[in-house]
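Participant: Quick one: the structure is below, and I'll ask about it shortly.
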Amino acid sequence: MGTPRIAIIGGGLRGRIFAETTRDHPGAELVAICEPNPTRAAQLATDPDVATAASIDELLERGSELDAVVVATPDFAHEQPAVAALEAGLDLLVEKPLATTSEEAQRIIAAAERGGGRIVVGFENRWNPLFQAARHQIQESGHALLSQRALLQDTLFVPTQMLSWAALSSPAWFLMPHSLDMATWLSGAEPVEVFARGVKRLLPSLGVDTYDRISASFAMSDGSLLDLDSGWVQPLGKSSVFEFRFEVETEGDSFTLDIDDTGGRHATAERTSTLGALPHDHRGRPQGAPPAMMRDFLDLVAGADLDLPGADQGLLITRAIEAIHRSLETGSPEQITP
């Protein structure tokens, strides 16, 4: 189809990563940035040939000039730009979760069916080499899974400084889609029931009305167990803004993955911090899981035959996170609708 023409919707940190990766890709063209803040939009556009738009409607006036869009807006703000883009026949990469209600997710999927565009959901940890290696070994061994456990947490920086919209989200919506998607990807099983508990103390006292921490225990379709624990109130003095530990037990072996501990440590007189990989390689190209995911999406739009996480997986994860919140409200186990 030639060189795909791409627009990025959302000018935050993720939008910057996706814009830079598209600009660097030899087989794609960044043609527009959609961001209501004009200063931020101009910072992402950088090139005078890259247009800026304040709304999805203004963006779609470009019509035939676009082949695909990336929706990098907050969790709760995916539906409107996603539906508009898909109804225009464009391919879509949308940040996780697909949506924060199953009704919104289904409307996004229906728009794709009407317009013919494809949906890719940004479960970026599928591009993490550690998870890829674990999945390969699990599949090679043929051992059945017994249990999985994931601890994914952020420091207070995330809900109090990085996200202006944290009160409209939760650790379940913001963090658990990563863990839950990975558990289904590693096991090939789906969540069927969940029981959750949560704590709301610190963040409400700071004026952010959401959960500090949520723990969720799932029954999986293959009879295995899955326990997820996510929060975003870790002290600011932690060496990394996030911690991600994933454990898998099978009938014959086990895996322990420390995702934030793949690098070294950097100590100063004030603090110790994580010394991870640079955001760019020696040739200045974006590197890491998010750029790798974006490159695969660009290649898919250009015609490559790739198996990427799509609408069905996005809907499954949304329904499971909804069930977590129902369980928090009812204090009882909740079924996850297939």
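Every read-out reported here was derived from the displayed coordinates using simple, explicitly stated rules and does not represent laboratory data. If you're wondering where the values come from, they're calculated on a predicted model, not measured in any experiment. Cβ sites come from the backbone with ideal geometry, for glycine too, and all protein chains shown count toward neighbours.
Participant: Report, largest value first, the span of the C-alpha coordinates of the stretch 24-122 along each principal axis, in whole Å.
Facilitator: 39, 24, 24
Participant: Taking R0 as 22 Å, what FRET efficiency do you get between Glu58 and Thr101 from their Cβ-Cβ distance, rounded to the nearest 0.05?
Facilitator: Between Glu58 and Thr101 the formula returns 0.25.
Participant: Relative contact order of the chain, please, whole-number percent, based on alpha carbon pairs below 8 angstrom and at least 6 residues apart.
Facilitator: Details: 700 pairs, mean separation 67.2, N = 338.
Relative contact order here is 20 percent.
Participant: Mind putting a number on the dipole of the chain about its Cα centre? Charges go on the C-beta only, +1 for Lys and Arg and -1 for Asp and Glu, and I need it in Debye to the nearest 20.
Facilitator: 800
Participant: May I ask you to order 80-86, 214-220 by the average number of other C-beta atoms within 10 Å around their residues, highest value first?
Facilitator: 80-86, 214-220
Participant: Short version: what are the Cα gyration tensor semi-axes of the stretch 50-187, square root of 5 times each eigenvalue, largest first, in whole Å?
Facilitator: Equivalent ellipsoid of the stretch 50-187: 31, 20, 13 Å, largest first.
Participant: So which GluC sites (Glu not before Pro) in the stretch 10-73 pass both tests, a DSSP loop state and at most 13 other Cβ atoms within 10 Å of the Cβ? Write down the numbers at each step before the final one.
Facilitator: Details: sites: Glu20, Glu29, Glu58, Glu61, Glu65; in loops: Glu61.
Those that pass, being in a loop and sparsely packed, are Glu61.
Participant: Let me ask you something else. Quick one: plug the Kirkwood hydrodynamic radius of the stretch 1-66 (C-alpha pairs) into Stokes-Einstein at 37 °C, 0.692 mPa s, and report D in µm²/s.
Facilitator: In µm²/s, the coefficient is 282.
Participant: While we're on this one: Please report the Cα spread of the chain along all three principal axes, rounded to whole Å, starting with the longest.
Facilitator: So the extents along the principal axes, rounded to whole Å, are 53, 52, 44.
Participant: Roughly how tilted is helix 129-141, in degrees to the nearest 10 and between 0 and 90, from the longest Cα axis of the chain?
Facilitator: The answer is roughly 60 degrees.
Participant: Thr52's amide H: which non-local residues (gap 5+, or another chain) put their own amide H closer than 5 Å, with H modeled 1.01 Å from N in plane and none for Pro or chain starts?
Facilitator: Those qualifying (amide H under 5 Å, at least 5 residues apart or on another chain) are Ile33.
Participant: Rounded if a/c is under 1.5, else prolate if a/b is larger than b/c, else oblate: which is the stretch 284-338, with a ≥ b ≥ c the root eigenvalues of its Cα gyration tensor?
Facilitator: In terms of gyration-tensor shape, oblate.
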